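Okay, so here's the structure we're looking at.
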Amino acid sequence: MIERTLAMIKPDAVKKHAIGDIVSRYEKAGLHPVAVRMMQLAKPIAEGFYAVHKTRPFFDSLTTFMSSGPVVILVLEGEDTITRHRALMGATDPAKADKGTIRAAHGTNIEYNAVHGSDSADTAAFEIGFFFPQMDLPRPA
Ligand code: ADP
Ligand code: MG
């Protein structure tokens, strides 16, 4: 099924000048960018985006990190994109991420892990709407 997911290149990867490499990986994998924004998240915006994690012990640190510098936010479209994008990203902890994944290449630790990706269709719908409220609905299957 053709579907869309929300990808984010986090402040650590932007600071390392890895935007080009990461977008190239999306394109080579057939995860086609259909919308892009670059911006610095205010802390309350990062808190809203990660609201699902608000009771976790790392919430304050995570949202401070996510608002520490510019990010690149993309909507990616393609066949089975949510699952294929998560596989391309690798495990949350870069030390456990498979070789060849984005987090293995660019992540530093479990928090500074270079990229974000929606983990389900419901999450993708929330996250796409959060940053691209004007976006058309996904194409029907
Ligand atoms: P993922 O981004 O792989 O979906 P989670 O949704 O579990 O992972 O966590 C969201 C983000 O919170 C992670 O990408 C990472 O930046 C940060 N994070 C997750 N677990 C930890 C942790 N134990 N300590 C610090 N930061 C964490
Ligand atoms: Mg997650």
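Part of a helix (DSSP H, G or I), surrounded by 20 or more Cβ atoms within 10 Å (Cβ to Cβ) and at pLDDT 95 or above, is that true of residue 22? Quick ask: steps written out before the conclusion?
Working: part of a helix (DSSP H, G or I): yes; surrounded by 20 or more Cβ atoms within 10 Å (Cβ to Cβ): yes; at pLDDT 95 or above: yes.
Answer is yes for this residue.
Exactly one of these conditions fails for residue 26: (1) of a type in the set (Ser, Thr, Tyr); (2) touching a strand residue (DSSP E or B) at 6+ places or on another chain (Cβ under 8 Å); (3) closer than 13 Å to residue 66 by Cβ. Give me its number.
That leaves (3) as the condition not met.
Provide a single number: the residues in segment 30-42 that are part of a loop (DSSP other than H, G, I, E, B) and touching a strand residue (DSSP E or B) at 6+ places or on another chain (Cβ under 8 Å). Walk me through it before giving the result.
Applying the first criterion (part of a loop (DSSP other than H, G, I, E, B)) to segment 30-42 yields 30-31, 40-42.
Checking which are touching a strand residue (DSSP E or B) at 6+ places or on another chain (Cβ under 8 Å) leaves us with 30-31, 40-41.
Residues that pass the stated criteria total 4.
Just name the residue that is farthest from ligand 1 (Cβ to nearest atom) out of those in segment 108-134 that are over 13 Å from the mean Cα position of the chain (by Cα) and polar (S, T, N, Q).
By that ranking, first place goes to 134.
Within segment 1-19, count every residue that is part of a strand (DSSP E or B) and either modelled with pLDDT of 95 or more or surrounded by 14 or more Cβ atoms within 10 Å (Cβ to Cβ) (or both). Break it down stepwise before answering.
Just the residues of segment 1-19 that are part of a strand (DSSP E or B), to begin with: 2-9.
From the residues that got through so far, the ones that are either modelled with pLDDT of 95 or more or surrounded by 14 or more Cβ atoms within 10 Å (Cβ to Cβ) (or both) too are 3-9.
Of the residues in segment 1-19, 7 are part of a strand (DSSP E or B) and either modelled with pLDDT of 95 or more or surrounded by 14 or more Cβ atoms within 10 Å (Cβ to Cβ) (or both).
In segment 89-107, which residues are under 22 Å from residue 17 (Cβ atoms), out of contact with any Asp or Glu (no Cβ under 6 Å at 6 or more places or on another chain) and within 12 Å of ligand 1 (Cβ to nearest atom)?
Step one: filter segment 89-107 for residues under 22 Å from residue 17 (Cβ atoms), giving 89-90, 94, 97, 99-107.
Cutting the leftovers down to out of contact with any Asp or Glu (no Cβ under 6 Å at 6 or more places or on another chain) gives us 89, 94, 97, 99-107.
Within segment 89-107, 89, 94, 97, 101, 102, 103, 107 meet the criteria.
Taking segment 27-80 on its own, how many of its residues are of a type in the set (D, E, K, R) and within 16 Å of ligand 1 (Cβ to nearest atom)?
Of the residues in segment 27-80, the ones of a type in the set (D, E, K, R) are 27-28, 37, 43, 47, 54, 56, 60, 77, 79-80.
Still in the list and also within 16 Å of ligand 1 (Cβ to nearest atom): 43, 47, 54, 56, 60.
So the count comes out to 5.
Taking residue 45 as the residue in question, decide whether it is part of a strand (DSSP E or B) and either closer than 17 Å to residue 130 by Cβ or not polar (S, T, N, Q) (or both).
Numbers: part of a strand (DSSP E or B): no; either closer than 17 Å to residue 130 by Cβ or not polar (S, T, N, Q) (or both): yes.
In short, no.
Mind checking whether some residue in segment 87-100 is in contact with a Ser or Thr (Cβ under 8 Å, 6 or more places away or on another chain), of a type in the set (D, E, K, R) and at pLDDT 95 or above?
no
Taking the stated definitions as given, is residue 117 away from ligand 2 (no atom under 15 Å from the Cβ) and within 17 Å of residue 36 (Cα to Cα)? So that I can check it myself, show each step before the final result.
Working: away from ligand 2 (no atom under 15 Å from the Cβ): no; within 17 Å of residue 36 (Cα to Cα): yes.
Criteria not met by residue 117.
Residue 89 passes all but one of (1) surrounded by 14 or more Cβ atoms within 10 Å (Cβ to Cβ); (2) touching a residue at least 24 places away in the same chain (Cβ under 8 Å); (3) away from ligand 2 (no atom under 16 Å from the Cβ); which number fails?
(3)
Looking at 47, 127, 77, can you tell me which residue is among the charged types (D, E, K, R), buried (at least 16 other Cβ atoms within 10 Å of the Cβ) and out of contact with any strand residue (DSSP E or B) (no Cβ under 7 Å at 6 or more places or on another chain)? If you could, list the steps in order and put the result at the bottom.
Values: 127 fails: out of contact with any strand residue (DSSP E or B) (no Cβ under 7 Å at 6 or more places or on another chain); 77 fails: out of contact with any strand residue (DSSP E or B) (no Cβ under 7 Å at 6 or more places or on another chain).
Answer to the check: 47.
The values are calculated or read from the model by the stated rules, or taken from the named source; none is laboratory data. What you see is a predicted model; the values in this text were computed from it and never measured. A quick note on method: Cβ atoms are made from the backbone with ideal geometry, for glycine too, and the neighbour counts reach across all protein chains shown.
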